[in-house]
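The values are calculated or read from the model by the stated rules, or taken from the named source; none is laboratory data. Computed from a predicted structure; not experimentally measured. Neighbour counts are summed over all protein chains in view; Cβ atoms, including those assigned to glycine, are modelled from backbone coordinates with ideal geometry.
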């Protein structure tokens, strides 16, 4: 066991968490080194403030966006996201067709029906995401549940097909939203935005699902390895 | 174009301290931090230290040494050594002038 380093444990934990605030390319290159440094040095709240300030500064630096070299893994990752967004648009189109038919058939959407649809179809995927995020906690990883999830990976990881399935799952609330008239109290901005409201919800949910997916984790690993290879480091970027 | 530490902007001082620390030999982040604390009496923050390291590395004045450990050491490059020498020469001149003026006063 390594000797105990002086300093506040809470400050150290906060400092380690603050590393997540840095731009991703920065983290890919320096996160492990900075973690080791924070573990070695005595950490106080002054250091935490220093890290928070430095993280903000890096976002303002041209390198925050200039660093990520394009790798095949990075391109694949982006293509996946575009694919899911295109699918969400496709689904929105279907929802509009179904909604138009229901309106023509004089179908009545009661308040209770609307509420139940929202509860079932919007919250269930969010619960699934929260469940997957639970396995990012060290305490859960080392528990029996974590061991079980290691044997049955689908418990803690979302596959691409599951993302597609959850996106389809959103169809009923999308239909309801498109079938309902725009409320009178909505201003010009809300009137312009409202028809796409549900689509934004699907994008957001898809993005969250995509972030916690197993494939994203694997591709990110490959991309990080690419950023760290000797040929591209240090990168040629504009002077600071 | 002649490169100087001033091009590091707000990190020129931290950059200078890092170059001085590495003049002795390869060092990792915490060793640099301790060395700088011994030299200047104040410890740079981890954010400032790594911001300066990144900029020095980008300018190829320092370079990482291959290591399996997370504590990756860095060493001075020839270019970095030249930049450090130039800065020390400038400081020496300023110091000489200041000493002369103080003696005259």
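From the set of residues in region B:50-69 that are within 13 Å of residue B:19 (Cβ to Cβ) and assigned to a loop (DSSP other than H, G, I, E, B), which is nearest to the chain's Cα centre (by Cα)? Can you show your working first?
Narrowing region B:50-69 to residues within 13 Å of residue B:19 (Cβ to Cβ): B:52-53, B:55-57, B:59-63.
Narrowing further to those that are assigned to a loop (DSSP other than H, G, I, E, B): B:59-61.
On the way: B:59: 13, B:60: 13, B:61: 9 Å.
The selected residue is B:61.
Answer yes if at least one residue in region A:163-182 is farther than 20 Å from residue A:198 by Cβ and over 22 Å from the mean Cα position of the chain (by Cα), and no otherwise. Break it down into steps so the answer makes sense when it comes.
Residues of region A:163-182 farther than 20 Å from residue A:198 by Cβ: none.
Within region A:163-182, not a single residue is farther than 20 Å from residue A:198 by Cβ and over 22 Å from the mean Cα position of the chain (by Cα).
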Report task. Determine if region A:92-109 includes at least one residue that is in a loop (DSSP other than H, G, I, E, B) and modelled with pLDDT under 85. Result -> yes
Query raised in the report: Is region B:30-42 home to any residue that is modelled with pLDDT under 90, facing chain A (nearest Cβ under 8 Å) and touching a helix residue (DSSP H, G or I) at 6+ places or on another chain (Cβ under 6 Å)?
Result: no
Query raised in the report: Do we find that residue A:117 is touching a residue at least 24 places away in the same chain (Cβ under 8 Å), part of a helix (DSSP H, G or I) and closer than 23 Å to residue A:87 by Cα in this structure?
Result: yes
Query raised in the report: Under the condition of being part of a helix (DSSP H, G or I) and surrounded by fewer than 14 Cβ atoms within 10 Å (Cβ to Cβ), which residue from region B:1-20 is nearest to the other protein chains (Cβ to nearest Cβ)?
Result: B:9
Query raised in the report: Which condition number in (1) farther than 26 Å from residue A:215 by Cβ; (2) modelled with pLDDT of 90 or more; (3) at the interface with chain B (Cβ under 8 Å from one of its Cβ atoms) is the one that residue A:57 fails?
Result: (2)
Query raised in the report: Is it the case that residue B:94 is more than 10 Å from chain A (Cβ to nearest Cβ), in a helix (DSSP H, G or I), surrounded by 15 or more Cβ atoms within 10 Å (Cβ to Cβ) and out of contact with any helix residue (DSSP H, G or I) (no Cβ under 6 Å at 6 or more places or on another chain)?
Result: no
Report summary line: Scanning region B:43-66 for residues that are touching a residue at least 12 places away in the same chain (Cβ under 8 Å) and exposed (fewer than 15 other Cβ atoms within 10 Å of the Cβ), the one farthest from the other protein chains (Cβ to nearest Cβ) turns out to be B:65
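Let's see how each residue does on (1) surrounded by 10 or more Cβ atoms within 10 Å (Cβ to Cβ); (2) under 25 Å from residue A:115 (Cα atoms):
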| site | (1), (2) |
| --- | --- |
| A:144 | no, no |
| A:149 | yes, no |
| A:159 | yes, no |
| A:162 | yes, yes |
| A:173 | yes, yes |
| A:180 | yes, yes |
Query raised in the report: So residue A:4 fits all but one of (1) modelled with pLDDT under 85; (2) surrounded by 15 or more Cβ atoms within 10 Å (Cβ to Cβ); (3) away from every other protein chain (no Cβ under 11 Å); what number is the exception?
Result: (2)
Query raised in the report: Can you name the residue in region A:27-48 that is more than 7 Å from every other protein chain (Cβ to nearest Cβ) and not in a helix (DSSP H, G or I) and is also surrounded by the fewest Cβ atoms within 10 Å (Cβ to Cβ) among such residues?
Result: A:42
Requested in this report: Confirm whether residue B:80 is over 30 Å from residue A:17 (Cβ atoms), within 13 Å of another protein chain (Cβ to nearest Cβ) and in a helix (DSSP H, G or I).
Outcome: yes
